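Student: Just passing along the structure, written as structure tokens.
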Amino acid sequence: MNLSLTSARLEDAEDLVALRIAAMRESLERIGRFDPVRARERFLSGFAPEHTRHIELDGLRAGFVVLKPTADGLLLDHLYIHPDFQSSGLGSKVLEQIFADADEKGLVIKVGALKESESNRFYQRHGFELVEETDWDNYYLRPANQL
């Protein structure tokens, strides 16, 4: 698996929105909250190209990740894999890279996941611990230096 994370640019926003919608559609439809207009607006309102990386697999854009610094660590704000590449181990490989960097710096990682999403099991399998539940989302924390 030839994986690389490459910098995103402001002009990539629409492509990233389309990928996010494709990746989340099934989970959002399951709970009756699929709204592509809302999904687009929500993503664009917080889009920060400086914290966004394309996930490329053998030169193909397969997803993206947004990792933002916080006062006490990192916020894994988005990790989306295009449906054509899901369940291939790609998300796990991306997390390995993120964990290695965070552990080297001694940083905790926070992430949120839609309650009905498969991503909840994914994050728990990778060492994230549930710390908060809201009506629609679960929030997880991965302590620093777990590797």
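Student: Filter segment 93-126 down to the residues that are out of contact with any helix residue (DSSP H, G or I) (no Cβ under 8 Å at 6 or more places or on another chain) and farther than 16 Å from residue 67 by Cβ and list them by number.
Tutor: 115, 120, 121, 124, 125
Student: In addition: So which pairs qualify, if the first residue must be in segment 1-25 and of a type in the set (S, T, N, Q), the second must be modelled with pLDDT under 95 and buried (at least 18 other Cβ atoms within 10 Å of the Cβ), the Cβ gap must be under 7 Å, and the two must be at least 6 apart or on different chains?
Tutor: Once the first residue is of a type in the set (S, T, N, Q) and sits in segment 1-25, its partners that are modelled with pLDDT under 95 and buried (at least 18 other Cβ atoms within 10 Å of the Cβ) give 2/57.
Student: Let me ask something additional. Looking only at segment 87-111, filter to residues that are exposed (fewer than 14 other Cβ atoms within 10 Å of the Cβ) and not in a helix (DSSP H, G or I); which one of those is farthest from the chain's Cα centre (by Cα)?
Tutor: Across segment 87-111, the extreme among qualifying residues is 106.
Student: Moving on to the next point. Being of a type in the set (D, E, K, R), within 18 Å of residue 79 (Cα to Cα) and without any contact (Cβ under 8 Å) to a residue 24 or more places away in the chain is the filter here; which residues of segment 123-147 pass it?
Tutor: Answer for segment 123-147, where residues must be of a type in the set (D, E, K, R), within 18 Å of residue 79 (Cα to Cα) and without any contact (Cβ under 8 Å) to a residue 24 or more places away in the chain: 125, 129.
Student: Going through segment 112-134 one residue at a time, which ones are surrounded by 15 or more Cβ atoms within 10 Å (Cβ to Cβ) and among the acidic types (Asp, Glu)?
Tutor: 116
Student: Which of the residues belonging to segment 81-95 are of a type outside the set (A, V, I, L, M, F, W, C) and under 13 Å from residue 19 (Cβ atoms)?
Tutor: Passing the criteria: 82, 83, 84, 86.
Student: Out of segment 67-87, which residues are of a type in the set (S, T, N, Q) and either in contact (Cβ under 8 Å) with a residue 40 or more places away in the chain or under 16 Å from residue 7 (Cα atoms) (or both)?
Tutor: If we filter segment 67-87 for residues that are of a type in the set (S, T, N, Q), which is where we start, we get 70, 86-87.
Hits for segment 67-87 are 70, 86.
Student: Please go through segment 43-69 and give me each residue that is exposed (fewer than 13 other Cβ atoms within 10 Å of the Cβ) and under 20 Å from residue 111 (Cβ atoms), ordered by number.
Tutor: 45, 46, 48, 50, 69
Student: Let me ask you something else. Given (1) part of a strand (DSSP E or B); (2) in contact with an Asp or Glu (Cβ under 9 Å, 6 or more places away or on another chain), identify the lone condition not met by residue 56.
Tutor: For residue 56, the failing item is (2).
Student: Can I ask one more? Take segment 63-86 and flag every residue that is aromatic (Phe, Trp, Tyr) and either assigned to a helix (DSSP H, G or I) or farther than 22 Å from residue 44 by Cα (or both).
Tutor: Hit for segment 63-86 is 85, nothing else.
The values are calculated or read from the model by the stated rules, or taken from the named source; none is laboratory data. Please read these numbers as outputs of a predicted model, since none were measured by experiment. So basically every Cβ, Gly included, is an ideal-geometry build from the backbone, and we count neighbours across all protein chains shown.
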